[in-house]
1. What residues of region 606-620 lie in the reach of a label at GLU539, counting those whose backbone N is under 12 Å from a point 7 Å from the Cα along Cα→Cβ?
2. For region 420-478 and region 43-68, what is the separation of their Cα centres, given in Å?
3. So what is the relative contact order of region 490-645, in percent, for Cα pairs below 8 Å that sit 6 or more residues apart?
4. Along the charge dipole of the chain, Cβ charges K/R +1 and D/E -1, which of PRO311, PRO75, VAL556 sits furthest on the positive end?
5. Please list, ordered by chain and number, the residues whose modelled amide H lies under 5 Å from the amide H of VAL676; skip anything fewer than 5 residues away on the same chain.
6. Evaluate the relative contact order of region 114-250 (contact order divided by residue number), counting alpha-carbon pairs under 8 angstrom at least 6 apart; express in whole percent.
7. Ignoring ligands, DNA and RNA, what percent of the 1.4 Å accessible area of region 402-507 is carbon and sulfur?
8. Pick out, from TRP156, SER730, THR355, the residue whose Cα sits farthest towards the positive end of the charge dipole of the chain, with +1 on the Cβ of Lys and Arg and -1 on the Cβ of Asp and Glu.
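The values are calculated or read from the model by the stated rules, or taken from the named source; none is laboratory data. The shown structure was predicted, so the numbers you read here are calculated from the model rather than taken from an experiment. Neighbour counts are summed over all protein chains in view; Cβ atoms, including those assigned to glycine, are modelled from backbone coordinates with ideal geometry. When the accessible area is computed, the model is the full protein with side chains, heavy atoms only, and any ligands, DNA or RNA have been set aside. Shrake-Rupley method; radii C 1.70, N 1.55, O 1.52, S 1.80 Å.
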Amino acid sequence: MRYFVGLDVGGSHVYAALFSDCKENTEMVACHYSDIDSSAGAFDIIHQFKASISKVSKDVPSGQIKGIGFSIPGPFNYKSGICQIHGVDKYEALFGVNLRIAMTDVLSDFALEPGQITFMNDAEAFLLGAAESEGLSGQNTTALTLGTGFGSASLWDGIVLPGFPGKGYLYNDPYLDSTAEEYLSTRWFLRQFLHGDGVINTNIEGVKELAGMADNNPMIQELFQQFGKNLAGYMNQLTTYLQPDFLIIGGNIAKSHPLFAPSFTRHLISKPVIKWMDDTSGLAARGAVVHHRTDEQEGRVKAVKRKSASPVLPPLKPVQTNGYDIYPAFPLEDGAINRGFDSLAEFISEQESRTIILDGYIGTDWNSVIADLSAVLNINNTGYLYVDVNSALLSEEQIDNKVEDYLGGDDPVFGRLYDGELTDFFDQDKLNLLKQSSEKRSILYGTGASLVGKDLPVIYIDIPKNEIQYRSRAGSVCNIGKQVPEDPKTMYKRFYYVDWHVCNRHKQQLLPELCAIADGQRDGDIAWMRGDVFREGLEKMAGSPFRVRPWFEPGVWGGKWMQQTFEGLNPEAENFAWSFELIAPENGVIFESEGTMLEIGFEWLMYHSNRSILGEDAGTYGTYFPLRFDYLDTMDGGNLSLQCHPQPEYIQNHFGEMITQDETYYILEAKPGARVYLGFHEDIKPGEFEAGLNLAQKTGTPFAADRYVQSFPASKHDLFLIPAGTIHCSGKDNVVLEISNTPYIYTFKMYDWQRVDLDGKPRPINIDRAMENLDFSRAGKLVSDELISEPQVISDGPNGRVVHLPTHKKHLYGVQRLEISRAMKVSTHGKFHVLNLVEGSAVKIIAAGRIAELHYAETMIIPAATGEYEIVNEKGSKAGIVKAFMK
């Protein structure tokens, strides 16, 4: 036999009921009602819940309790089990507390998993319990609970809804000169009675006492009749267009319904079947169990957390047998990286502070992290409270209003970089409430947790940007302050313009004092480092050559070259169009110790050692890494969209970026016949060109791109120059090494060859923005003269030669090709270099006492602080390296 416990939590009571698992019905076996001190401390309240559960289940053999369902008032995060009640002098000590974890811990004898403890709004639980008890599961039913507050829920077309269809919760719905709750709760009775006729009777505390005095008191009888009229008036207002078949009414006030039911029914215009329920708590407990069992019967199917053709970073570095390494890792000494929640729990236990801050990046799965941590931490250290800082966020509407001007309105792609801080999104009064928890033995967790207080140990959970995007595509993450995932592209825009920026500024402030950092991208398996070891690792990396972790994306024009060339890429993927070789805002770097890998965002390195990385350019760019390398693979694929990028003033004024997206195309591989579209024909007429684009966009007819845009043959080692405002795109059958300044999303597509994206939707077209930025003077012979680089040999010797590949005068960076026969020494001269091996199988980079190997097509950063480094070619055939640097 299996059993479930339902717990109805009220402002002054707890009602527990034990139910047996009957397939046809939920049968109550035992129940217990007890008073509760809702003003007590958090641990006291939690143990009172435990005592009620233990009372009704004391005769059940161990292991036969299979779940516990809570019916509890809001505000409450029912999905995660986080109490958010505040400002009502009840359960204040539970504000932010993760009750799911707390109850799992104190009920350890029950051996329940966190998922076996569920939570439901008390009005919704009452509705479910009453619907099952009365056999109303197939009827459109609304339930009202009348008590210290005004609760509501509806069962409509078989779905439980908060409040009323189309309205939501009703307590704050406008009614007469105030809200529904002000007229339909205990407060109305007390206000009318205590202050009626100018007489104040301070001995009356509730409706039950008033009802007991009603027999010989016409004034009280009239008060109840007026309440019935109030209730009818509100229901008439509510049900003008939509009426329930059944109306279930419970709550403490409903126990006195004989005093106001006649007035209510007399004034009620619609005539649903009305059912008055005396046992509100019993039905709510039943409903909480029905809800729990429904979840269980549906299998609690584990939601897909990520959606990608690429796997999550493995915990251990795979053995690289040949060529390009998709998991480049910077080696640290043995023991630098720890693995597993058990070791992290031990580290937490060693801290002197009673409170630990567990902060982290947006996209962290906090439910999973806290469940995994608490499972091991509380084995030997009982008594931790887990407190969610997200309870202190402003409302979703308030946060939306703050960021609205930065999200570009209806523009599906572009916005403006948010210039505020993470603190902008928090309610300071609620943060102060959470500080009460920091005085107990607690773990305060969530993005921004360290805002609760200073001088507390901070452990930071980092998540790579690509992993956040994979999770957003699966609907498993939300933007800051959002409760429900939106379309992935909508979420990405907000991540890019708002969330990532405020989180990055926050982590920069935390870096000097972090006591530990962890890589949180893998479920159930965490890698972490002590803060001092982490900072030492950043210091070492900033003084020697390193690679960032590349990541790969399919695209509608994507090719097959990378998929067939790079070991470890998913052979089942449709294609791989992009490799993010070095896109600083989105790439991570990997540390490795004894085979264990830990990935952190590239920005950590810039915050710690920007001067070591950038050298003399740190004065200009601060912590911003200004160069980008990526691959565009159209081999056996299609053309990119016809496009341009914004002029410098435009990108600064409209989007808030520091520099613009000036690009070059270095051709790594090309099939015979491959071409690059670049610049206009001599006789270009802008108006005619724009009209043709708009016609193609409006009607779906093909656009004659070759009539307006030149194209040039593409061969290995060609360099095409694409300063901002230049019309361009790669044709099919190229592998392009795209070298650019860092901005990377500002592509104004004009024509996309009348195709849809991989999701079946058209890609955004930006003809108007393109026309505001296109440089129509880049046409005719000027294009071949100025936008196709002519190599110039600037040094030649027995060990190799240096070939200058001139870039455009507007480009902020220069490009060279180092052609190495044996070995070549290179000096950074106070500038960082970015290298890519474009010819040959591998070379060694020797610098700062470290030997790093660079394979064909791999990208490597040489920090300015490296000084002199040597490139050694031991393979016999000539090696070619593209080197980019800031002018």
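1. Under 12 Å, as judged by backbone N against the label point of GLU539, lie 609 of region 606-620.
2. What the calculation gives is 31 Å, centre to centre.
3. Numbers: 209 pairs, mean separation 38.6, N = 156.
Normalised by residue count, the contact order of region 490-645 is 25 percent.
4. VAL556
5. Counting only residues 5 or more places away or on other chains, the set is PHE712, ALA714, GLY731.
6. For region 114-250, the relative contact order is 24 percent.
7. Reported share for carbon and sulfur atoms: 44 percent.
8. Projecting each Cα onto the dipole axis, the largest value belongs to SER730.
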